[in-house]
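Data block below; observations after.
None of the figures in this text is laboratory data; all of them are computed from the coordinates on show. All values reported here derive from a predicted model rather than from experimental measurement. When we count neighbours, we look across all protein chains shown, and the Cβ atoms used for this are built from the backbone with ideal geometry, even at glycine.
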Amino acid sequence: MITNEALKKIMEDVKKRNPGEPEFHQAVSEVLESLEPVVAKYPEFIEKGVIASVVEPERIIKFRVPWVDDKGVVQVNRGFRIQFNSAIGPYKGGLRFHPSVYEGIIKFLGFEQIFKNSLTGLPIGGGKGGSDFDPKGKSDAEVMRFCQSFMTELAKHIGADTDVPAGDIGVGAREIGYLFGQYKRLRNEYTGVLTGKGLTYGGSLARKEATGYGLCYFTAEMLKDAGDSFEGKTVVVSGSGNVAIYATEKATTLGGKVVAMSDSNGYIYDKNGVDLDAVKAIKEGRRGRIKEYLDVHPEAEYHEGCSGIWTVKCDIALPCATQNEIDEASAKALLANGVKVVAEGANMPSTPEAIRAFQEAGILFGPAKAANAGGVATSALEMSQNSMRYSWTFEEVDAKLHNIMVDIYRNASSAAEEFGMRGNLVAGANIAGFMKVARTMLAYGVC
Ligand code: NDP
Ligand code: 2IT
């Protein structure tokens with residue numbers, strides 16, 4: 001709960017100004033609550049309008065995306081790019097294509113991106129974009145025509161030193177290829193305007209793996225600090241997209257056994273440990289459904305409904321699907337089954353009530369802004385390589401990613417400690433991410 005009067009007023013204004021956007025309210029409320037001890041020590045962040053400014057996007061771009069489907073029928077979607085904060089670098093953040101996308105989703109994601117990007121230690125501001133377009137069930141040609149139309153408008157607003165989008169839900173290598181190709185045609189310019197690109201046109205080795213690997217590096221660091229490791233642990237990973245697949249890969253390499261994965265229809269349970277090659281063949285190979293896992297592993301189980309995955313007994317839970325996928329009841333089910341660590345690969349996957357339950361139980365909890373920052377950090381490394389017109393090896397990028405995740409853990413931990421909340425990485429990540437942006441905004445004066 002927010003108790004500081006000035007912060008309360010800012011929260012009220014956010015709700016008034018952004019009606020009907022509960023995800024955005026949720027994200028802002030969590031950050032403002034964490035900032036209570038910060039404003040007590042540094043009242044200038046309130047007095048000089050830094051916090052009132054940081055909750056208001058610098059720019060909201062909203063546009064029509066008309067495209068022609070395979071039957072020759074015109075379809076119309078809505079596109080967004082929210083350029084939230086450019087204090088410490090060009091706007092940076094993914095594009096999400098999913099039917100649930102509306103302004104409130106992009107706003108919450110863009111807001112969180114500010115602090116996440118700051119935590120990476122790299123010079124990137126915060127932004128996010130996307131569309132209510134649903135790539136599921138569309139042909140490659142339809143996805144291409146949609147992406148070309150989307151970029152025809154987006155190209156007016158982005159640039160390698162202005163705003164650099166990347167992938168998120170529903171936007172992977174295929175979509176980034178179509179988007180980059182169209183940008184290049186429109187601008188006659190070959191620059192690092194998108195990240196997550198293919199390796200033959202400026203992509204970075206290890207970007208595909210980065211969010212999932214980074215999540216496990218962060219989790220391993222939390223465990224290490226508690227005198228423990230992944231070795232011999234049972235792990236549950238929700239989702240079966242980019243983040244989930246590479247979290248599963250790294251958790252397994254580090255000695256864990258991943259026994260369950262999911263998609264929006266249901267989850268699989270394989271007591272022998274998930275066969276990741278089979279999952280990759282279904283998801284990366286043919287864009288299939290997770291239940292097809294049983295075609296190759298009939299001994300495994302499939303259950304309809306995605307939230308049931310949190311009833312599977314595990315030591316480590318890595319939510320890697322979507323926002324608010326762990327509610328209070330799921331959190332309590334995990335705790336009742338003895339979960340020791342929850343680390344967030346998805347953005348805001350735990351509701352505030354779920355986070356409270358984890359914190360009250362005293363388990364290790366790694367919040368999204370810190371735990372999943374490896375993806376965007378590696379995107380920033382892709383930008384560096386593009387600027388240098390040079391490529392690092394997989395091992396070089398992976399080693400930098402590992403160091404970044406260890407630093408994020410240490411910075412979040414010590415910020416929590418400095419402000420009297422030892423072990424509270426939610427507060428620590430919010431504070432550490434905020435401080436760099438806030439000090440920079442102060443340096444600029446009113447802007
Ligand atoms: P993908 O599109 O590759 O995969 C998304 C996965 O989540 C799919 O298995 C999908 O199932 C499932 N999913 C999506 N929406 C829902 C829903 N409403 N309910 C249940 N399951 C759902 O996306 P990513 O792996 O890239 O992203 C996953 C999460 O990680 C998101 O929260 C994203 O914001 C976050 N993230 C991603 C980063 C990246 O680099 N890609 C970086 C940092 C965070 P289905 O196929 O059935 O839709
Ligand atoms: O939520 C995220 O950090 C991402 N989707 C990745 C953003 C990026 O620019 O790589």
Of the options F115, M348, W67, report the single residue whose Cα projects farthest towards the positive end of the charge dipole of the chain (beta-carbon charges: Lys, Arg +1; Asp, Glu -1). W67
Could you work out how far the C-alpha centroid of the stretch 88-166 sits from that of the stretch 387-429, in angstrom? 23 Å
Can you tell me how the stretch 280-382 classifies by the Cα gyration tensor, rounded, prolate or oblate, using a/c under 1.5 as the rounded cut? oblate
Using Stokes-Einstein with the Kirkwood hydrodynamic radius over Cα pairs, what translational diffusion coefficient do you get for the stretch 35-83 at 20 °C and a viscosity of 1.002 mPa s, in µm²/s rounded to a whole number? 150 µm²/s
With a 10 Å radius around each residue's Cβ, average the other Cβ atoms per peptide and rank 270-281, 9-20, highest first. 270-281, 9-20
Across the stretch 97-240, what fraction of all alpha-carbon pairs, as a whole percent, falls in each successive 10 Å bin from zero upward? 10, 34, 35, 15, 6, 0
Diffusion constant of the stretch 308-447 at 10 °C, which comes from Stokes-Einstein with the Kirkwood Cα-pair radius and 1.306 mPa s, µm²/s: 96 µm²/s
In the chain the DSSP beta bridges are antiparallel at a rate, in percent to nearest 5, of 55 percent
Two-site label geometry, E353 and S384: point separation in nm, points 7 Å out along Cα→Cβ: 4.3 nm
proj_area_mean for the chain (convex hull on C-alpha atoms), units nm², value 20.4 nm²
For the stretch 85-92, Karplus couplings with θ = phi - 60° (6.51, -1.76, 1.60), whole Hz, Gly/Pro x: 7, 10, 4, 10, x, x, 3, 8
HN-Hα J couplings of the stretch 186-195 from phi, Karplus 6.51/-1.76/1.60, θ = phi - 60°, integer Hz, Gly and Pro as x? 5, 9, 6, 8, 10, 10, x, 7, 9, 10
Going by a ≥ b ≥ c, the root eigenvalues of the Cα gyration tensor, does the stretch 1-85 fall in the rounded group (a/c under 1.5), the prolate group (a/b larger than b/c) or the oblate group? prolate
Given the pairs K107/K208; K369/K436; K92/K184, which are separated by over 21 angstrom at their Cα positions? K107/K208
From the phi angles alone, apply the Karplus equation (6.51, -1.76, 1.60; θ = phi - 60°) to the stretch 409-425 and give each ³J(HN,Hα) in whole Hz, x where the residue is Gly or Pro. 4, 5, 5, 5, 4, 6, 5, 4, 5, 4, 9, x, 10, 3, x, 8, 6
Ranking request for peptides 202-214, 147-159: highest mean number of other beta-carbon atoms within 10 Å first, then the rest in descending order. 202-214, 147-159
Which lysines have a Cα less than 23 Å from the Cα of K291, not counting those fewer than 8 places away in the same chain? K136, K138, K250, K257, K271, K280, K283, K313
Of the listed peptides 55-61, 236-242, 216-222, 422-428, what is their order by residue-averaged count of other C-beta atoms within 10 Å, with the highest listed first? 236-242, 216-222, 422-428, 55-61
Rounded to the nearest 20 debye, what is the charge dipole size of the chain about its Cα centre when +1 sits on each Lys and Arg Cβ and -1 on each Asp and Glu Cβ? 1120 debye
For labels at C447 and R185 in the simple 7 Å Cα→Cβ model, what's the distance in nm? 3.7 nm
